[in-house]
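Nothing in this text is a laboratory measurement; each read-out follows from the coordinates by a stated rule. Since the structure is predicted, the reported quantities are computational estimates derived from the model, not experimental observations. When we count neighbours, we look across all protein chains shown, and the Cβ atoms used for this are built from the backbone with ideal geometry, even at glycine.
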Amino acid sequence: MELNQIHHVAIIVSNYEVSKDFYVNKLGFEIIRENYRESRNDYKLDLKLGNCELEIFVIAESPKRASYPEACGLRHLAFKVEKIEDIVNELKLLGIEAEPIRVDEFTSKKMTFFKDPDGLPLELHE
């Protein structure tokens, strides 16, 4: 089996416009396409960052994300960055708080977490 790379990650959000603003206007994702699927009564927003795509779905009455204890499933999305302090400062200017920067015990690289509007943990990793 030869898998080349991850094509996309899909998440479910509670508010289409809030999440679109967060991922596009604040984090810099590019919109590939936006669709309303009448047969499912949901919205699907396809975004691109580098070579990876993020699919955002808005599905009515989806349950809230579990936090602690963590549930099985997607734990977080991680973004590779060059200068983590610069990115954390940019987030702060946008009103997005990040945890204190720490060093990953396995990679010895700097890392931190922040959250999207629905509480999905997002990681910055040098």
Q. Convex hull volume of the Cα atoms in the stretch 1-105, per residue, in Å³?
A. 179
Q: Rounded to whole Hz and in sequence order, give me ³J(HN,Hα) for the stretch 51-67 from the Karplus expression 6.51 cos²θ - 1.76 cosθ + 1.60, θ = phi - 60°, writing x for Gly and Pro.
A: 9, 10, 10, 10, 9, 10, 10, 10, 10, 4, 6, 5, x, 5, 5, 6, 10
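State, as an integer percentage, the relative contact order of the stretch 75-126 based on alpha-carbon contacts under 8 Å between residues 6 or more apart.
Numbers: 79 pairs, mean separation 22.9, N = 52.
Taking the mean separation of contacting Cα pairs over the length of the stretch 75-126, I get 44 percent.
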Q) Which is farthest toward the positive dipole end of the chain among Leu77, Asn89, Tyr43, measuring Cα position about the Cα centre, with Cβ charges +1 (Lys, Arg) and -1 (Asp, Glu)? A) Tyr43
Q: Would you mind classifying the stretch 75-126 by shape? Square roots of the alpha carbon gyration tensor eigenvalues, ordered a ≥ b ≥ c; an a/c under 1.5 is rounded, otherwise it is prolate if a/b is larger than b/c and oblate if not.
A: oblate
Q: First select every other residue whose beta carbon is under 15 angstrom from the beta carbon of Gly119; then total the charges, Lys and Arg +1, Asp and Glu -1.
A: -2
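What does DSSP give for the stretch 1-83 in terms of the percent of beta bridges that are antiparallel, rounded to the nearest 5?
Working: 15 of 21 bridges.
Counting only bridges with both partners in the stretch 1-83, antiparallel ones make up about 70 percent.
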(Q) What whole-number distance in Å separates the alpha-carbon centres of the stretch 11-58 and the stretch 59-126? (A) 18
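List, in the order given, every pair from Lys20/Lys92; Lys20/Lys110; Lys44/Lys83; Lys20/Lys64; Lys83/Lys115; Lys80/Lys115 whose Cα-Cα distance in the structure shown is over 24 Å. Walk me through the numbers on the way to the answer.
Working: Lys20/Lys92 19 Å; Lys20/Lys110 28 Å; Lys44/Lys83 32 Å; Lys20/Lys64 18 Å; Lys83/Lys115 19 Å; Lys80/Lys115 16 Å.
Over 24 Å apart, Cα to Cα: Lys20/Lys110; Lys44/Lys83.
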Q: Would you please give the residues with an amide H less than 5 Å from that of Ile12, counting only those at least 5 places away or on a separate chain, with H modeled from the backbone geometry?
A: Phe57
